[in-house]
Each structure stands twice: as C-alpha cells, then as structure tokens.
Amino acid sequence: MDISIRLEGDAVLALREIARRMSDLTPLNAEVAASMHDQTLARFASEKGPDGTAWKKSARAAEDGGKTLQQHGLLIGAIKPEYDGKEAVVGVEATAAPAIYARIHQLGGKIIPKVGKVLNTPFGKFASVTMPARPYLGFSADDRSEIATILRDHLHKILTGDPKK
C-alpha cells in the first residue's frame, strides 16, 4: 500500500517556515538547561535526591548544624548549565575543583587511601571511608513534567508563530 501526500502553495510555505523555526533549538535548550539547573539547586536547599529521598546527614553537618554537601559552597557553585542547538545538560564543571569529588557524592562508594594505609579525616584516621550516595543530579516526575511543559510551549510557538505561548 502506497501513501502519497501532495502539498502545494501555502502548505509548502508553512512547512518551510516551521522547518526554519525548528532549525535552531538553542532557545529551547537554554530554557530546558535553566530549568534543570534550578531543579538541581533546589535539591541542595531541600537536601533530597531527585526521587525525594532525604540525603543522609554528613558527620560535619550533624556536628556543626550546617547543610550536607554545602560546607563551603564549592560543589553547588560548580554546577553549571550548558546548551547549544543540539542538547541541554547540567553538571559539575570538569575544570572545577569539586569535579574531583562530585561523583562520589552523587553515587556513593568506598574511598581508600591512594598513598599510605590510612585516610586522615577531621574525624580520625580510617583504613577506608564509605560515602553514602547523595544524588543531586537527575529527574523527578515534577522535573520531567516541567520540561515537557517547556517542550510543549516551544512547539506551540513554532507551529502557531505565537511568541506569547
């Protein structure tokens, strides 16, 4: 079974205009990256992962009444949005000092000394330290819904030419 569609005149012009408007997704990706960045920063404020699970309080935060993962603000300060015409991402800047420890906080894991037999920590010397996962990157259902709304609104603008929606 063959299906053919014939477009002429205004329909061709309309499709060309839609294709032109969709050729640069930088504005859409800028909005998505900003949303993802805001959502990530909100996790630090609430001290909860994308799934809503509270982070295990760090020993330092429990001792001094501070916030977990926020002693000096370096990790949260290194989280940056990036976007272009093809993608939107949020993560820890690879060149920032926190990039060294960002992964262990996100995923958790065991830290063992690279040199010597013990780790010197503010809480004593240990053969190893197991860090709990404290995910700050990721998507909740609400995050996905917000991004879907951004996508829907952007597509509406493209299809209708309405810059307000």
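The values are calculated or read from the model by the stated rules, or taken from the named source; none is laboratory data. Quick caveat, the model's predicted, so the values are computed rather than measured. Note that we place each Cβ from the backbone using ideal geometry, even for glycine, and neighbour counts take in every protein chain shown.
Quick notes on this structure:
Residues are listed down the side, and each one gets a yes or a no for (1) assigned to a loop (DSSP other than H, G, I, E, B); (2) more than 24 Å from the chain's Cα centre (by Cα); (3) modelled with pLDDT of 95 or more:
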position	(1), (2), (3)
GLN71	yes, no, no
GLY85	yes, no, no
LYS117	yes, yes, no
LYS125	no, yes, no
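- Every pair of residues 6+ apart whose Cβ atoms lie under 8 Å, when the first sits in segment 82-96 and is under 30 Å from ARG20 (Cα atoms) while the second is in a loop (DSSP other than H, G, I, E, B) and of a type outside the set (A, V, I, L, M, F, W, C): GLY85/ASP24
- Of all residues in segment 117-140, one or more are within 30 Å of ARG21 (Cβ to Cβ) and aromatic (Phe, Trp, Tyr).
- One residue stands out in segment 91-115 among those that are in a loop (DSSP other than H, G, I, E, B) and under 16 Å from THR68 (Cβ atoms): the one that is nearest to the chain's Cα centre (by Cα), namely PRO98.
- Test: TYR83 is aromatic (Phe, Trp, Tyr), touching a Lys or Arg at 6+ places or on another chain (Cβ under 6 Å), buried (at least 16 other Cβ atoms within 10 Å of the Cβ) and on the phi < 0 side of the Ramachandran plot: no
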